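The values are calculated or read from the model by the stated rules, or taken from the named source; none is laboratory data. Here the structure is a predicted model, which means the values were calculated and not measured. As a convention, Cβ positions derive from the backbone with ideal geometry for all residues, glycine included, and neighbour counts pool all protein chains shown.
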Amino acid sequence: MRFIWLGFIITTVSGAKAFGMQVPSGVLEKPPTEAAPSEVASPAASAVVAPASNPPPSAPSAEKEPSPGQLSPLGQAPDWKELERYSGQLTKAEFDKAWKDIYSELNGPPPPWQVTEEALLVPTQGDRSEPLKLAFRKGQEDAPTLSSNWRRAASLPPLAGRPVLSDLRISLDPGHLGGAWAQMEERYLSFRQGEAVCEGDLTLIVARVLAERLKALGAVVSLVRDEPEPVTRQRPKDFEQAARDLLTQSGFPDAKLSYKGLSGDAKLLTVQWQSEKLFYRVSEIHARGTKVNAELKPDLVLCLHLNAESWGAANAPQFSPQNHLHVLVNGCYSRSELLQQDVRHEMLLRLFSRIHEEELPLAASVVEGVARRTQLPAYIYTSTNARRVTESPYVYARNLLANRLYQCPVVYLEPFVMNHEETYRRLLLGHYQGRTLLGGKLVTSALEDYVRGVVDGLTDYYRRNRQP
Ligand SMILES: [Zn+2]
């Protein structure tokens, strides 16, 4: 599901400024009862927004831009030297094009770095640190060959008559958590007692079925999460202090501990709410990032999700007439996101290692397969945090924590609206092959259509791009 930070929904950053607040980089987010259930996003520039009746205490002037040395929530100061090996890798034209066409926000303010004819000058830790200089390659020079953990289709060993996904290492990342965690994560949807659709359980089913199909085509498949439990070993209580600090920074030093009995804005201004968010949204994705980059080292990651439209209160959800599909690739960074040094470093690492050159066409092919199988129309973003980046109306670039941290091509799938009535009923039927009767009509399994679409899209892509 998509994710929308509080700062973007209840008010804008300028709205927060109107309250005289410094806009912190927090994880403070929209409560579940009013917004679309939402997704793992970059936690930049979100703000706690005070209800009008309760203006926050006076805070420092909001006009001063934060230092480029700040970090995203739970982010680690990066090793800037790691980027130096990319000096001489891209021409200025290649850098400019990737920035303009993929990584920048449409019509956003300029990024916090400097581009000269010779080099990119990036601020590192903070205002007073030396900028990192990454030289541009001159047109006639060859780029030095750099090793990476992932391989593009054209660099895989020739097929030589073997199945089309032979040698390909694919990690499947079932979105969210399952079982008892689904309610905390607001990925639990139930229109009647005794039945429920939980995104994190359904994505695990999709991953397990998909894994077998991909293995049969020769792929080496791993699951980033292979049980309902989290990958991170930390739990919400480990983030109580961090949650308190975040709330204090945002002008709420006396936040309540528990959200029991609270709703709306009051609920999210609690230590419990914020520490749970830090656990399942931030710590969990960081743990998955470490697993992907240090252990699994795949050629690509498929992040498996199901989408939803706003369903209102968890205990009285509403159906939506909408049903749609899109995939996300990494890009569309705002200036405020790039002022966070870990985010800036991660984006540049992706751009300079040319991940987008593989990720975009791969995503377009995969989503085409899913569109053919599901017959879903393309979702259309109206917010500024996502942008079209290919010919395909189904592909959007967006800066999510997962597609930024995983250091390889990532295709982040968002088919189906779980609270679309027919989709909800199909999802309750789980995974099956063939057709079954639903309200007097024969229907396929939505999860099986999802799996088949992904298999079709991957097969097409690797058949077109691998050496025979
Ligand atoms: Zn999701």
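For the reader, a short list of remarks on this structure follows.
- Any pair with Cβ under 8 angstrom, 6 or more apart, that starts in the range 235-248 at a residue that is within 19 Å of Ala287 (Cβ to Cβ) and surrounded by fewer than 16 Cβ atoms within 10 Å (Cβ to Cβ) and ends at one that is among the aliphatic types (A, V, I, L, M) and at pLDDT 95 or above: Glu240/Val271
- Tally of residues being on the phi > 0 side of the Ramachandran plot and either more than 23 Å from the chain's Cα centre (by Cα) or among the β-branched types (Val, Ile, Thr) (or both) across the range 166-194: 2
- For the range 233-257, the candidate set comprises residues that are within 23 Å of the chain's Cα centre (by Cα) and not aliphatic (A, V, I, L, M); within that set, the residue that is farthest from Pro73 (Cα to Cα) is Arg233.
- Output for the range 151-178, where each listed residue is touching a strand residue (DSSP E or B) at 6+ places or on another chain (Cβ under 8 Å), over 18 Å from Val410 (Cβ atoms) and more than 16 Å from the ligand (Cβ to nearest atom): Asp167
- Elements of type strands (runs of 3 or more DSSP E) contained in the range 353-468, each with 1 or more residues being free of Cβ contacts under 8 Å to residues at least 24 places away in the same chain and crowded, with 16+ Cβ neighbours inside 10 Å: 386-388, 441-444
- Within the range 305-345, the only residue that satisfies the criterion of being crowded, with 24+ Cβ neighbours inside 10 Å and more than 22 Å from Ser383 (Cα to Cα) is Gln341.
- Within this structure, Leu146 fails the test of being at pLDDT 95 or above, aliphatic (A, V, I, L, M) and over 29 Å from Pro415 (Cβ atoms).
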